[in-house]
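Coordinate-derived values only; no laboratory data. Given the structure is predicted, the values throughout are model-derived calculations rather than measurements. Virtual Cβ from ideal backbone geometry, glycine too; neighbours counted across all protein chains shown.
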Amino acid sequence: MTFAELSGYLDRLESTSSRNELVKTLAELYARSSADEIQPLTYLIQGRLVPFFEPIEIGLGEKLVIAAIAQAFATPPDEVAKLFGRLGDLGQVAATLSAHGSNSRLPVAEVHARLMEIAVASGAGSVEKKRSLFAALLKQVDPVSAKHLVRIALGRLRLGIGDPTVLDALSFAKKGDKSLRPVLEGAYNRVSDLGLIAKTFWSGGESAVNALKVTVGRPIRSQLAERLPNPEAVIKRLGLVAVQPKYDGIRVQIHKNGSEVRVFSRNLEDYTLMFSELTAAAQALKDETLILDGEAIAYSKELEEYLPFQLTASRRRQHGIEQAARELPLVAFIFDILYRNGRDLTELPYEERLAMVDAVIAGSTVLLPAPIIKTDSVEVLTKTLLDNISQGLEGVVVKRPDSKYQAGARNFNWVKLKRHTSGELNDTVDLVLLGYYFGKGKRAEFGVGALLAGVYDAEHDRFATITKLGTGLSDAEWRQIHERADRLQVDHRPARVESILTPDVWLEPEVVVEVMADEITPSPRHTAGKAGDEPGFALRFPRVVSFRGADKRPEDATTVKEIASLFRQQRERKTPS
Ligand code: AMP
């Protein structure tokens, strides 16, 4: 397939306004691609060159792209900049200037390889090299291709194609329906690499996909926790449980392969450099290969206490990682082990894995075992929960001792229990920003008034609105939101967003915020949980507690199903039997 043909599809995907259409168009594109090109193509449609967990970003700056466009089309840079001022999109600028451009038949795989060369260029002279390589590429393609190439190079190709959409499209392309989604999703949970899955599926079919294994160096999708309202409900549902503190830090999956260690976040980003203490600690462990799962948390030596999520996350933004490591050293509480010396451990009962954790990290002062007690008593569980809360922790996570590690699953093998303040939701929810309204008065200064926020409808891979947000943020945070929102603006409702309300500006779903609210109420204005004439759900008195950009992707937000279950729990609390 040529890059020009792919670009035609990107244009179609861009103008699609329904998720079904998105899947259909993508399936058509897949059906036409060969096993050799399907891997690069899969990364490119998400505006990437490699899977999410590989830290290779093309991310050319605007200035460099302007210079490359100028060079490619022999136009003075200030004219390019002027045109950019008028059109507001460098992709359109390139398309306009290349109107008489060539009609080359560059294959997708070749364009991908050349973009890779640009992305990895580093060191002295690399800026010029990137500019010239990119200019040469632009010169060889047609206007529509130039538009998409520029957007990819800027990291701004936003077609709203989430990972589940890709999985559905792959199934549709081969089978004409969604029936292969579970097989593909199972592999995705083990290897987190859509390009690899697509290639394997195309070359070896379903059985080859089934045979894709957990591997050191490729993150596994994290097992997640369900919620229950109180200790009684937990013991009633799970019986004997293992109880651990719930740390409010950042989920880390540590992969050790000899002396090479990589740390991945829950949203599959590579955090190796940022969490250098964890890397060093894992290098010092005896075992040759390991995958450990845990929670990293910053510790203040002065206060002798663990710091809340926001401070742990602030390490990401600090320039001097070494200085940050001195001022806010990190530890990681390790609560699981998924792989050891060539052996996949995910099928073992939790109790056995936990015993292995203790043996593997024994002696480390940075990788610490999460303390645990086992109980089937409501009283003991209640006391443990209260003890943890009084120590400033979020609550507890309760686990079934005989459960496997189910990659990517949120089920009752793990249950989180947090503080319960009567009358309020007993937990925060994670919402995705879907749009905003221009502010009036003081807010107008920040360019954003209220935010439109939603939850994830995992069943249909869509985002549904649940509330407007207007409080809880500091002035600096409103500015930060505006800055981030600026990059995510799209000129029409994204295909995966379902909404009755129309905000002034639509946003590509990306930013996740943690929100506390008083309660969930039925509402005809929101689409979360809305079915036929039944109303949807809304949040009453919502306020933003934190940004979760550091560890959550939009598909990790609270789901419609969870909201429905929280609504039921809330009703039961109000009318005790
Ligand atoms: P939540 O993000 O509220 O859904 O809670 C689940 C998260 O709690 C996990 O993804 C971990 O990042 C975090 N967590 C903290 N302590 C533990 C623990 N002991 N076991 C499992 N998860 C934990």
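Counting only helical runs of four or more DSSP H residues, what would the 222 nm mean residue ellipticity of the chain come to if each run contributes -39,500 (n - 2.57) and the total is spread over all its residues? That comes out to -12000 deg cm²/dmol. About the centre of its Cα atoms, segment 224-418 shows a dipole size close to 440 debye [charges on the beta carbon of Lys, Arg (+1) and Asp, Glu (-1) only; nearest 20 debye]. Evaluated at q = 0.15, 0.18 Å⁻¹, the base-10 log of the normalised Debye intensity for segment 429-574, with identical point scatterers placed on the Cα atoms, takes the values -0.69, -1.00.
Of all aspartates and glutamates in the structure, those lying under 16 Å Cα to Cα from Lys82, and not within fewer than 8 positions of it along the same chain, are Glu62. Taking the Cα centre of each part, how many Å lie between segment 201-240 and segment 520-571? Their Cα centres are 23 Å away from one another. With the biggest extent put first, the Cα atoms of the chain measure 77, 57, 54 Å across the principal axes. For the chain, the relative contact order comes to 12 percent (Cα pairs under 8 Å, sequence separation of at least 6).
The mean of 1/r over all distinct Cα pairs in segment 215-261, once inverted, gives the Kirkwood hydrodynamic radius of 14.1 Å. In the structure shown, the pairs Lys139/Lys178; Lys178/Lys213; Lys374/Lys561 are assessed against 32 Å; a Cα-Cα span above that value is assigned to Lys139/Lys178.
Taking one quarter of the surface of the C-alpha convex hull of segment 3-154 gives a mean projected area of 9.3 nm².
Taking segment 224-315 on its own, what percent of its Cα-Cα pair distances exceed 22 Å? Above the 22 Å cut-off, segment 224-315 has 44 percent of its Cα pairs. Calculated on C-alpha atoms, the gyration radius of segment 224-418 divided by its Kirkwood radius gives an Rg/Rh of 0.96.
Straight-line reach from Lys129: taking Cα to Cα under 14 Å and skipping same-chain neighbours fewer than 8 places apart, the aspartates and glutamates in range are Glu117.
Geometric descriptor of segment 106-244, per residue, is 217 Å³ (volume of the convex hull of the Cα atoms).
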